[in-house]
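> Please read through the structure below; I'll follow up with questions.
The values are calculated or read from the model by the stated rules, or taken from the named source; none is laboratory data. All values derive from a computational prediction rather than experimental measurement. Counting neighbours? That spans all protein chains shown, and the Cβs are built from the backbone with ideal geometry, glycine included.
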Amino acid sequence: MLTIATGNKAVAAAVKQVSPEVIAAYPITPQTEIVEQIAEYVTNGELKSQYIPVESEHSAMAACIGASITGARTFTATSSHGLLYMHEMVNWAAGGRLPIVMANVNRALGPGWNIWAEHTDSMQERDTGWLQVYVSTVQEAYDTTLMAFRIAEHHEVLLPVMVNLDGFSLSHINQSLETVELGDFIPPLRLPHAIDVKNPRGYGPLTGPEEYFKFRWDIERSMRDSVKVIESTEKDFSQRFGRSYGFTDDYQCEDADVVIVSMGTIGKEAEVAIDLLRKEGIRAGSMRIRWFRPFPKLDLSGRDVVVIDRDYSFGYGGILAEAVRSTCRAEPYSVIAGLGGQEVTYDDIAGFIQGRRPGEEYWFGVTPDV
Amino acid sequence: MTEIPKEEYLFKCTSACAGCSSSLVLRYVLKAAGPDTVLVMPACCTSVIQGIYPNTAMNVPVYNVAFAAAAACASGMSAAFRAGKKATNVIVYAGDGGTVDIGIQALSGAFERRTDFLYICYDNEAYGNTGMQRSGATPTGARTTTTPGGKPDTKKDIDRIVEAHDPPYMATACSAYPHDLFKKVTKALSIRGPKFIHVLAPCPPGWRYPTEQTVEMGKLAVKTGMWVLFEREYGKVTINGPSKAAMIKPLPIEEYLGPQGRFKGISREAVDALVSLARRNAKRLSLQEEGVC
């Protein structure tokens, strides 16, 4: 069915179709529309979930964990400070091998209070054992939320998945949305370690170094195994519903002399910049990273690379630039742009590409222009 | 006398300290709850007592969860079980630190949302697992490793905080009165909604008394009126027998404080504060029982 929706409503629509048994959430701008819409679905009977309106994000994730370990499908949504407040439980969910799906509406961190888009919130959860995917359109938010459940719950993964969408610039933007008839795209959840009172076990008790080490490796092994699960899920999605994505969304990269690497809505804006540059005879391409964890293998050899980071690791650099630098042996031009919702237009992006200085870092709007 | 089932859900030879009363508490809680039960446990002494992976000293599933998260975790678990039409008991088994301090927000939220679960706080009046640091539940004058001069502040009254949530059932209990505890757990689990049982659990290494006196110490707490056994069922308060007797003729408080190393050298002012608090509580509960307040 073709309709119009915001990014938030697209996520809620996908959740309604997947029908988790338990949803626990706490409101925070700009995620609120997701939990409001879900509450509406539950109240009017369109969604048969247990909806737990918890008193904090820490409790939201704790409630999802408690529900998930019984074998129930679970969902939550948060943003920014909410994500950081649940940080402890974010780790617990992955360590407990619980296939919880969470939408995170990317937002800057205070102080000062800033409710607009930035990726530093989810980047601070980078090392928790969650799969992370970043989307750029309303349609992609919907499609990816559907796929997230199937990937998280796959027996070779059993790790939580975080679907990231930019605050306001996607969460509150209206675009066309084509919903699908799910059919059997998402099989029933079978959690092998679900609590069974007939087979009592201790979950997460004291664990010595040797056993603990094995559990950590097991998370990494599943993270690696998730690569083929993501590929097969996206392939099946494409065959059933006609839309394909991939680990990266590549635009005009084949013959490009320079590739701009970014995530989220800026990555979509970059495609317009590429069109402009191509008209001027500049062979540029855009590579929008969708899956940040597991981090994809990127082929950037022989080209100039410009990386836009909507995040920062103080005392080190842009976090995406760091990933590109270390996995591709590239010397990217590292652009820090869009923090706290700073506007970044396609003209600006075209300017980053044209004015690139490989190996250097540039803070858009702060560092003096060349 | 109540028939206590012979089935054991807490196995022998755990790593509990000698004379640990919280293990006694758990033993009777599980006997009352039976096998269709899941324990949700934040960090506490029982995190250690349950054993080291891959072993477990419990014959019911135990979900260990982060310190502040027990009641919220139980909320999700209860919702999932009830959605699946399962009547499985969800019991949080938490220490005083995990209840009155770091876990209080989740506890309050779960009670406000009318979560169908039983929250048991076993109270040894300090952070026992980490070596006896003060908690909000440590009484005035007690020496802990972080109050080496005796705690200057008053024990937080978690029962009145929980009462403010108007749960269908709440009670206090003490490890020295296992039949009373067994009956209270049984009654609590027969009621739908959020239930709370606050159990005094004397701790030989923390309170510094000989291990063989653990039952006696619990009885002295009740007989001196320092711990009151009561129930509050749908708003109606009942003071239980041993505490009724203690209110008529309490033993001198020194009989309770004297054998405990944690109260060694306690000031007269601190003793007076403890007595005065105990009297105020007894009076309030008596008035509540009479329906006056």
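> With respect to A:L277, determine if the residue is of a type in the set (A, V, I, L, M, F, W, C), crowded, with 16+ Cβ neighbours inside 10 Å and not assigned by TED's automatic domain parsing to the domain that holds A:I100. Spell out how you get there, then give the answer.
Numbers: of a type in the set (A, V, I, L, M, F, W, C): yes; crowded, with 16+ Cβ neighbours inside 10 Å: yes; not assigned by TED's automatic domain parsing to the domain that holds A:I100: yes.
Against the criterion (of a type in the set (A, V, I, L, M, F, W, C), crowded, with 16+ Cβ neighbours inside 10 Å and not assigned by TED's automatic domain parsing to the domain that holds A:I100), A:L277 qualifies.
> Just to be sure before I move on: is B:C17 surrounded by fewer than 24 Cβ atoms within 10 Å (Cβ to Cβ) and more than 7 Å from chain A (Cβ to nearest Cβ) in the structure I sent?
Values: surrounded by fewer than 24 Cβ atoms within 10 Å (Cβ to Cβ): yes; more than 7 Å from chain A (Cβ to nearest Cβ): yes.
Yes.
> Can you work out which of the residues in the stretch B:259-293 that are of a type in the set (A, V, I, L, M) and touching a Ser or Thr at 6+ places or on another chain (Cβ under 7 Å) is surrounded by the fewest Cβ atoms within 10 Å (Cβ to Cβ)? Working first, answer last.
We begin by selecting, within the stretch B:259-293, every residue of a type in the set (A, V, I, L, M); these are B:266, B:270-271, B:273-275, B:277-278, B:282, B:285, B:287, B:292.
Imposing the further condition that a residue be touching a Ser or Thr at 6+ places or on another chain (Cβ under 7 Å) reduces the set to B:270, B:273-274, B:277.
Details: B:A270: 19, B:A273: 18, B:L274: 24, B:L277: 16.
Per the criteria, the residue is B:L277.
> Further, regarding this structure: Determine whether the stretch A:7-22 contains at least one residue that is closer than 21 Å to B:E112 by Cβ and either of a type outside the set (S, T, N, Q) or within 14 Å of chain B (Cβ to nearest Cβ) (or both).
Looking through the stretch A:7-22, at least one residue is closer than 21 Å to B:E112 by Cβ and either of a type outside the set (S, T, N, Q) or within 14 Å of chain B (Cβ to nearest Cβ) (or both).
Matching residues to (1) under 25 Å from B:S23 (Cβ atoms); (2) in contact (Cβ under 8 Å) with a residue 40 or more places away in the chain; (3) in contact with a Lys or Arg (Cβ under 6 Å, 6 or more places away or on another chain); (4) buried (at least 22 other Cβ atoms within 10 Å of the Cβ):
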{"site": "B:Y119", "(1), (2), (3), (4)": "yes, yes, no, yes"}
{"site": "B:E125", "(1), (2), (3), (4)": "yes, yes, no, yes"}
{"site": "B:G128", "(1), (2), (3), (4)": "yes, yes, no, yes"}
{"site": "B:P148", "(1), (2), (3), (4)": "no, no, no, no"}
{"site": "B:R160", "(1), (2), (3), (4)": "no, no, no, no"}
{"site": "B:A164", "(1), (2), (3), (4)": "no, no, no, no"}
{"site": "B:A173", "(1), (2), (3), (4)": "yes, yes, yes, yes"}
{"site": "B:A188", "(1), (2), (3), (4)": "yes, yes, yes, yes"}
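> I'm told A:T3 meets every condition in (1) farther than 18 Å from A:L182 by Cβ; (2) among the β-branched types (V, I, T); (3) part of a strand (DSSP E or B) except one. Can you identify the failing condition by its number?
With respect to (1) farther than 18 Å from A:L182 by Cβ; (2) among the β-branched types (V, I, T); (3) part of a strand (DSSP E or B), A:T3 is out only on (1).
> Further question: Could you list, in sequence order, all residues of the stretch B:220-258 that are out of contact with any strand residue (DSSP E or B) (no Cβ under 8 Å at 6 or more places or on another chain), buried (at least 17 other Cβ atoms within 10 Å of the Cβ) and within 20 Å of B:A201 (Cβ to Cβ)? Walk me through how you get there before you give the answer.
Here is the first cut: in the stretch B:220-258, the ones out of contact with any strand residue (DSSP E or B) (no Cβ under 8 Å at 6 or more places or on another chain) are B:220, B:223-226, B:235-236, B:241-242, B:244-246, B:248-258.
Remaining after also requiring buried (at least 17 other Cβ atoms within 10 Å of the Cβ): B:220, B:223-226, B:242, B:246, B:250, B:253, B:256-257.
Within the stretch B:220-258, B:L220, B:K223, B:T224, B:G225, B:M226, B:P242, B:A246, B:I253, B:Y256, B:L257 qualify.
> For the stretch A:171-210, give me each residue that is in contact with a strand residue (DSSP E or B) (Cβ under 8 Å, 6 or more places away or on another chain), within 23 Å of A:S122 (Cβ to Cβ) and in a loop (DSSP other than H, G, I, E, B).
Matches in the stretch A:171-210: A:S171 only.
> Which residue pairs have Cβ atoms closer than 7 Å, lie 6 or more positions apart in sequence or on different chains, and pair a first residue in the stretch B:48-70 that is more than 7 Å from every other protein chain (Cβ to nearest Cβ) and touching a residue at least 24 places away in the same chain (Cβ under 8 Å) with a second residue that is part of a helix (DSSP H, G or I) and among the hydroxyl-bearing types (S, T, Y)?
As it stands, the answer is B:I49/B:S23, since those pairs meet every condition given.
> Among the residues of the stretch A:38-90, how many are surrounded by fewer than 21 Cβ atoms within 10 Å (Cβ to Cβ) and among the polar types (S, T, N, Q)? Write out each step before concluding.
Taking the stretch A:38-90 first, the residues surrounded by fewer than 21 Cβ atoms within 10 Å (Cβ to Cβ) are A:39-46, A:48, A:51, A:53, A:55-56, A:71, A:81, A:84-85, A:87-88.
Now drop any that are not among the polar types (S, T, N, Q), which leaves A:43-44, A:56.
Selection size over the stretch A:38-90: 3.
> Of the residues A:I336, A:I319, A:I308, which is closer than 20 Å to A:L165 by Cα and in contact with a Gly (Cβ under 6 Å, 6 or more places away or on another chain)? Steps first, answer last, please.
Values: A:I319 fails: in contact with a Gly (Cβ under 6 Å, 6 or more places away or on another chain); A:I308 fails: in contact with a Gly (Cβ under 6 Å, 6 or more places away or on another chain).
Sole residue among the options that is closer than 20 Å to A:L165 by Cα and in contact with a Gly (Cβ under 6 Å, 6 or more places away or on another chain): A:I336.
> Further question: What pairs can you find where one residue is in the stretch A:155-172 and acidic (D, E), the other is in a strand (DSSP E or B), and their Cβ atoms are less than 7 Å apart, with a gap of 6+ or different chains?
A:D166/A:N106
> Can you report the number of residues in the stretch A:257-273 which are part of a helix (DSSP H, G or I) and at positive phi? Full working, then the answer.
Applying the first criterion (part of a helix (DSSP H, G or I)) to the stretch A:257-273 yields A:265-273.
Those left that are additionally at positive phi: none.
Count: 0.
> Please specify each residue of the stretch A:260-288 satisfying the condition of being of a type in the set (V, I, T) and under 22 Å from A:R357 (Cβ atoms).
Quick first cut of the stretch A:260-288, residues of a type in the set (V, I, T) only: A:260-261, A:265-266, A:272, A:274, A:282.
Result: A:I260, A:V261, A:I266, A:I274, A:I282.
> Only one of A:E234, A:E178 is in contact (Cβ under 8 Å) with a residue 60 or more places away in the chain, crowded, with 18+ Cβ neighbours inside 10 Å and either of a type in the set (D, E) or outside the structural domain of A:T70 (by TED's automatic domain parsing) (or both). Can you tell me which?
Numbers: A:E178 fails: crowded, with 18+ Cβ neighbours inside 10 Å.
Exactly one residue qualifies, and that residue is A:E234.
> Continuing with this model, one more query. Determine, yes or no, whether A:S286 is small (G, A, S) and part of a strand (DSSP E or B). Working first, answer last.
Details: small (G, A, S): yes; part of a strand (DSSP E or B): yes.
Yes, satisfied.
> Related question: Output the residues belonging to the stretch B:99-126 that are in contact with a strand residue (DSSP E or B) (Cβ under 8 Å, 6 or more places away or on another chain), facing another protein chain (nearest Cβ under 10 Å) and of a type in the set (S, T, Y).
B:T115
> Can you confirm whether the stretch A:27-39 contains a residue that is under 19 Å from the mean Cα position of the chain (by Cα), closer than 20 Å to B:A68 by Cα and among the charged types (D, E, K, R)?
Scanning the stretch A:27-39, I find no residue that is under 19 Å from the mean Cα position of the chain (by Cα), closer than 20 Å to B:A68 by Cα and among the charged types (D, E, K, R), so the answer is no.
> Moving to a separate point now. Applying the selection to the stretch B:71-89, what residues are more than 7 Å from every other protein chain (Cβ to nearest Cβ), touching a Gly at 6+ places or on another chain (Cβ under 9 Å) and touching a residue at least 40 places away in the same chain (Cβ under 8 Å)?
If the condition is that a residue be more than 7 Å from every other protein chain (Cβ to nearest Cβ), touching a Gly at 6+ places or on another chain (Cβ under 9 Å) and touching a residue at least 40 places away in the same chain (Cβ under 8 Å), then B:A71, B:N89 are the ones that fit.
> Can you find, within the stretch A:136-175, the residue that is surrounded by the fewest Cβ atoms within 10 Å (Cβ to Cβ) among those that are acidic (D, E) and out of contact with any His (no Cβ under 9 Å at 6 or more places or on another chain)? So that I can check it myself, show each step before the final result.
Filtering the stretch A:136-175 down to residues acidic (D, E) leaves A:140, A:143, A:153, A:156, A:166.
Then drop every residue that is not out of contact with any His (no Cβ under 9 Å at 6 or more places or on another chain), which leaves A:140, A:143, A:153, A:156.
On the way: A:E140: 23, A:D143: 25, A:E153: 24, A:E156: 14.
Only one residue fits best here, namely A:E156.
> Need a quick list: helices (runs of 4 or more DSSP H) entirely within the stretch A:35-121 having at least 3 residues that are within 14 Å of another protein chain (Cβ to nearest Cβ) and not hydrophobic (A, V, I, L, M, F, W, C). Walk me through it before giving the result.
On the way: elements: A:57-68, A:80-85, A:87-95.
The qualifying helices (runs of 4 or more DSSP H) are A:57-68, A:87-95.
> Restricting to the stretch A:8-25, what's the tally of residues that are surrounded by fewer than 24 Cβ atoms within 10 Å (Cβ to Cβ) and within 18 Å of A:A67 (Cβ to Cβ)?
4
> When B:Q105 is evaluated against the numbered criteria (1) under 19 Å from the mean Cα position of the chain (by Cα); (2) surrounded by fewer than 24 Cβ atoms within 10 Å (Cβ to Cβ); (3) under 18 Å from A:Y51 (Cα atoms), which criterion, by number, is the only one it fails?
Checking B:Q105 against (1) under 19 Å from the mean Cα position of the chain (by Cα); (2) surrounded by fewer than 24 Cβ atoms within 10 Å (Cβ to Cβ); (3) under 18 Å from A:Y51 (Cα atoms), the one that fails is (3).
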